[in-house]
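Encoded as structure tokens, the structure appears first; notes follow it.
The values are calculated or read from the model by the stated rules, or taken from the named source; none is laboratory data. Being a predicted model, the structure only gives us computed values, none of them experimental. Positions of Cβ are generated from backbone atoms using ideal geometry, with glycine treated the same way; all protein chains shown enter the neighbour counts.
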Amino acid sequence: MNGSELRVLASLQISGDEAVKTEQFRNPQYLGDPTNILRILDQKGAQEILLSDIGASKTKLPNYDFIRHLSEEVSVPLAYGGGLSENSDIKLLTSLGVERFVVNNSFFEANSFVRELSSQIGKSSVALSLDISHFDEESGILELWSSLNSTVRRLPISELNEMVIASKVGEIIIRVVEFDGRSSNSVPARYRSILKKFQTLAPDLLSLQILIGTGIGSEDQINSLSDIKFLDGFVVGTMICRPQNSNGVLITFPKTFSIL
Amino acid sequence: MKSSCPRCLMDSTATGWKLLNKGCSYCELYISRENINKENQIFQNKTNSLTEIVNEIKIRNKDSKYDGIFGLSGGLDSCYALHKLVKLGLHPLVVHMDNGWNTELASNNIEKLVTKLGLDYETHIIKWSTYKKLQIAFLNADVVDIEMLYDQAASGTCANFAAKYNCKTILTGSNHSTEGMPMPENWSYVNKLDERNIRAIWKKFGDGTPLESFPFFSTRDFLKQLFITRVKWVSILDYLDYNREEAIAELTELYEFKPYPFKHYESVFTRFYQGYLLPNKFGIDKRKVHFSSLVLSGQLSRQEAERQLKESAYPDVDLLEQDKAYFLKRMSWTEDELTSYLRRSEIPHSRYGNEMRFYERIYLPAMKVYRFLNSPIKVSGKMRWIFKKFIRSIAKAGHESFGST
Amino acid sequence: MSSPRISIIDYGVSNINSVQRMLSQYDMEISIVTSPLQIDTNVSCVVLPGVGNWDFGVQQLIESQFFSYLQDGQWRKLIGICLGFQLLGQSSQEGTKKGLGILNMGCSNLLGQLPNNKLVNSGWKEVTSDASFPIQDGRYYFTHSFGFTTKEAEERESRLELAKIQFSSIVAGAISENVAGFQFHPEKSHSRGKLLVERLRNEWI
């Protein structure tokens, strides 16, 4: 992908009606009111927003009214993840402005729901979030962390390959748990090696949209991975609220990737 | 029939306004304040040289990691002040109080400055649920100064960080040339540090939940700082020739600063409050104060100021509609609630619990003492003056006791 | 020109609110309709949005009675967005059901149409078009895995003015005298999307 075509999504986590930022998907720190934060992001030309409700991922109850409020603040695509299951009102969420559905636990626990979702909403609107707690490069086995019950699921990449194709998911978001809220110089190299393994062991997935998230801390780090042709984009969290790892919170979006 | 000053833009809607000398009671006060202020600042810091002030700040903050705390709102004044301070060689900790109403412009300008200047940056974010409810309480209380919440929180944030990092100086972008015109008593609450008033209004109109994330900073706290912990507040712009137009040009060139279309544009609520709520509910147009400051400091012609005043405080009807809709959404109010709010009469802050007695009887005298102690009169002169006063008071007492014969 | 009256079709497959929100920023009378009976005869333009799977979309259109309404052609002008645009065609490789056939072309999968053998097209893509197309060149937001090809459009629907995704033969938009369609989401394309709507309102509707 040439640099200017990279997708860069602003990731915003919410818990209840508060915007928060986790570290390794724990210890949510208060960031502010999501309404105002999204408004600022929209004005900064954030390409897409990924809204993750970390509370709902446990209760399995998306906050429909609140999602409606939030979606009013953005005129760019809004992806939503958090507790989506067979009980979720997908039609309602779509009418409220959610344009992509991000599944995690339900992919494994209720795969038929995901297939059903895809057959209704279309492949390109269903994304699978893989939260990787460990990756054994030799054996090609992924350890996926579940936010629902903080357990770990072991899965060979090749098996994942089959599952994803069968479920008609159109997008994969690869996130390394360790890097959440903690960008560092070693992050790009780790993703590079993970992606390389995907390339060899899960070749069918390469034709889908592939995004990586967690730990990407700068435009330089984004650019350093832009040579990986099947990598379509990045989900950035810390970068949009704590640029350059400052202690203070500042809502921002990398100018190079803004759609203004 | 409202009458107004020929020199500045204040008029009879302000308490205590009257025509005086070449202008009015307000601009006369501005001018005398300008002089006192210069003296105060100079004498408080015992010098009128910028480099000396900077050195003094460095010395006073030697036990801290930072050359003081800088409160950055993201507005033009604070951005320019920060830029100047760093140019003069200071490295303060930049702090920002986030009450949930930041505009994209403010975020941008803060980011540009902090990044380019390579400064450490910290924020205090008030829980939105708390701040929202506090604002609603103030709205329901029908008091004029809703922004008192912002002012006190901003001061409290700076004070807290100063304590945290053991800093003895708090630097801000407040300044006389664009803000020195005295605010009429009826246009805002005279004591922004009145914690008791905020709590009293909360008690009556709030929902009783704790206000933990709100950084209170009371009159007592301020006096403690002044006399005990010896933390000083420095308005650096008062030591420079501060001209807004030039400041905008300089900042734009150096930092890709995005200028604000009008004052207080950095906070959506502040511009709605000043541009819509104040004029429509209270009949107050604070632009008169701001423009008067600019006219008196030669940055704006009176004619131009008059012309702008005739136009709506909101130059853009679309923006007003957007801001109103956003305000209603965030306060969870309906249009009807806004309409009845605008119709209700004002209730003075003093109607609710407050620190005014402390303010008048202890704070104001304490400030006089403070200024006196830091005045330029030599110590011997002071002693002579005190002695003279003492003798006079004895003589008076004696005269009264014995009466004239 | 008095405010044009617009009806947005709600057939259970779309981000109705976003579309409505965007359209209502311009001087137009918007109504959301759940049945063809709700469409007034003096409605200037009908909008068919859509986010979803082809077969599901066709089914929903049939069940809501809009399929026959649209095929009958009793509307003045019609705008199709994303899936709505696709449904104006005859068929899609995504499913088996027949489309409205208002446009004489079908949707195919994106094999060979995108760089790096991608089959899913998501993101902000550069759109280019003929000069007379009321769209500003620039980036618009796409998310789909099927679409019309310019080859087929040029061969079978020469009355259409076309816009395409740069360096591909994917149709980004098509416009004729009374039908317009966009593969991208104008309501999700920030200021450019808004500009497009404004132009359509002023120049086309």
Exercise. Cβ-Cβ below 8 Å, separation at least six or inter-chain, first residue in region B:297-323 and under 29 Å from B:LEU237 (Cα atoms), second among the small types (Gly, Ala, Ser) and modelled with pLDDT of 90 or more: which pairs?
Worked result: B:ALA305/B:SER292; B:ALA313/B:GLY275; B:TYR314/B:GLY275
For this session: Would you point out which residue out of C:SER24, C:SER31 is farther than 14 Å from C:GLY80 by Cα, at pLDDT below 90 and not charged (D, E, K, R)?
Result: C:SER24
Problem set entry | Residues (touching a helix residue (DSSP H, G or I) at 6+ places or on another chain (Cβ under 8 Å), more than 11 Å from chain C (Cβ to nearest Cβ) and surrounded by fewer than 23 Cβ atoms within 10 Å (Cβ to Cβ)) located in region A:84-102 | A:SER85, A:GLU86, A:ASP89
For this session: Would you mind stating whether B:SER340 is assigned to a helix (DSSP H, G or I), at pLDDT 90 or above and closer than 14 Å to B:ARG7 by Cβ?
Result: no
Exercise. Given the structure, is A:LYS123 surrounded by fewer than 18 Cβ atoms within 10 Å (Cβ to Cβ), of a type in the set (Lys, Arg) and out of contact with any strand residue (DSSP E or B) (no Cβ under 6 Å at 6 or more places or on another chain)?
Worked result: no
For this session: State whether one or more residues within region C:160-174 are free of Cβ contacts under 8 Å to residues at least 24 places away in the same chain and more than 14 Å from chain A (Cβ to nearest Cβ).
Result: no
For this session: Could you grab me the full set of residues in region A:116-173 that are at positive phi and either touching a residue at least 24 places away in the same chain (Cβ under 8 Å) or among the basic types (Lys, Arg) (or both)?
Result: A:GLY122, A:GLY140, A:LYS168
For this session: Please name all residue pairs, on different chains or six or more residues apart, with Cβ atoms under 8 Å, provided the first residue is in region C:6-17 and is facing another protein chain (nearest Cβ under 7 Å) and the second residue is buried (at least 24 other Cβ atoms within 10 Å of the Cβ) and of a type in the set (Asp, Glu).
Result: C:ASN15/A:GLU99; C:ASN15/C:GLU187
Exercise. So which residues in region A:229-260 are buried (at least 18 other Cβ atoms within 10 Å of the Cβ) and in a helix (DSSP H, G or I), if there are any at all?
Worked result: A:THR238, A:MET239, A:ILE240, A:CYS241, A:PRO243, A:PHE257
For this session: From A:THR35, A:THR22, grab the single residue that is surrounded by fewer than 24 Cβ atoms within 10 Å (Cβ to Cβ) and more than 11 Å from chain B (Cβ to nearest Cβ).
Result: A:THR22
Problem set entry | Residue match in region A:220-229 (condition: more than 20 Å from A:PRO156 (Cβ to Cβ) and among the acidic types (Asp, Glu)) | yes
Problem set entry | Single residue of region B:231-250 satisfying the filter (assigned to a helix (DSSP H, G or I) and out of contact with any helix residue (DSSP H, G or I) (no Cβ under 6 Å at 6 or more places or on another chain)) that is surrounded by the most Cβ atoms within 10 Å (Cβ to Cβ) | B:ARG244
Exercise. Restricting region C:117-159 to residues that are within 14 Å of another protein chain (Cβ to nearest Cβ), polar (S, T, N, Q) and in a strand (DSSP E or B), which is surrounded by the fewest Cβ atoms within 10 Å (Cβ to Cβ)?
Worked result: C:ASN121
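A quick yes/no check of all residues on (1) of a type in the set (Ser, Thr, Tyr); (2) away from chain B (no Cβ under 12 Å); (3) in contact (Cβ under 8 Å) with a residue 12 or more places away in the chain:
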site: A:LEU231; (1), (2), (3): no, yes, yes
site: A:ASN245; (1), (2), (3): no, no, yes
site: A:ILE251; (1), (2), (3): no, no, yes
site: A:THR256; (1), (2), (3): yes, yes, yes
For this session: Output yes when any residue across region A:57-71 is within 14 Å of chain B (Cβ to nearest Cβ) and surrounded by 19 or more Cβ atoms within 10 Å (Cβ to Cβ), and no when none is.
Result: yes
For this session: Return a yes/no flag: does region B:316-323 have any residue that is in contact with a Phe, Trp or Tyr (Cβ under 9 Å, 6 or more places away or on another chain) and part of a loop (DSSP other than H, G, I, E, B).
Result: no
Exercise. Looking at A:ARG182, is it in a strand (DSSP E or B) and away from every other protein chain (no Cβ under 14 Å)?
Worked result: no
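List the strands (runs of 3 or more DSSP E) inside region A:6-97, counting only whole elements, that have at least 2 residues being of a type in the set (S, T, N, Q) and in contact (Cβ under 8 Å) with a residue 60 or more places away in the chain.
Answer list for region A:6-97: A:7-15.
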Exercise. Can you tell me which residues in region A:219-239 are more than 18 Å from A:LEU195 (Cα to Cα) and touching a helix residue (DSSP H, G or I) at 6+ places or on another chain (Cβ under 7 Å)?
Worked result: A:GLU219
Exercise. Can you pull out the residues in region A:112-121 that are at the interface with chain C (Cβ under 9 Å from one of its Cβ atoms) and out of contact with any Phe, Trp or Tyr (no Cβ under 8 Å at 6 or more places or on another chain)?
Worked result: A:SER118
Exercise. Can you tell me which residue in region C:175-199 is farthest from C:ARG76 (Cα to Cα), limited to those that are more than 14 Å from chain A (Cβ to nearest Cβ) and surrounded by 24 or more Cβ atoms within 10 Å (Cβ to Cβ)?
Worked result: C:PHE182
Exercise. Within the bounds of region C:104-113, is there any residue that is without any contact (Cβ under 8 Å) to a residue 40 or more places away in the chain, within 14 Å of chain A (Cβ to nearest Cβ), within 19 Å of C:SER18 (Cβ to Cβ) and not in a helix (DSSP H, G or I)?
Worked result: no
For this session: May I ask you to list the residues in region C:70-103 that are buried (at least 19 other Cβ atoms within 10 Å of the Cβ) and either in contact with a His (Cβ under 9 Å, 6 or more places away or on another chain) or within 14 Å of chain A (Cβ to nearest Cβ) (or both)?
Result: C:ILE81, C:CYS82, C:LEU83, C:GLY84, C:PHE85, C:GLN86, C:LEU87, C:SER92, C:GLU94
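Could you tell me which residue of region A:174-190 is nearest to A:ASN111 (Cα to Cα), considering only residues that are among the polar types (S, T, N, Q) and in contact (Cβ under 8 Å) with a residue 24 or more places away in the chain?
Among those residues, the one meeting the criterion is A:SER183.
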Exercise. Among C:PHE66, C:PHE148, which is the only one that is over 21 Å from A:SER118 (Cβ atoms) and touching a Cys at 6+ places or on another chain (Cβ under 7 Å)?
Worked result: C:PHE148
Exercise. Which ones in region B:207-221 are part of a loop (DSSP other than H, G, I, E, B), surrounded by fewer than 20 Cβ atoms within 10 Å (Cβ to Cβ) and not polar (S, T, N, Q)?
Worked result: B:ASP207, B:GLY208, B:PRO210, B:LEU211, B:GLU212, B:PRO215, B:PHE216
Problem set entry | Number of positions in region B:334-344 that are in contact with a helix residue (DSSP H, G or I) (Cβ under 9 Å, 6 or more places away or on another chain) and either within 21 Å of B:TRP187 (Cα to Cα) or surrounded by 16 or more Cβ atoms within 10 Å (Cβ to Cβ) (or both) | 5
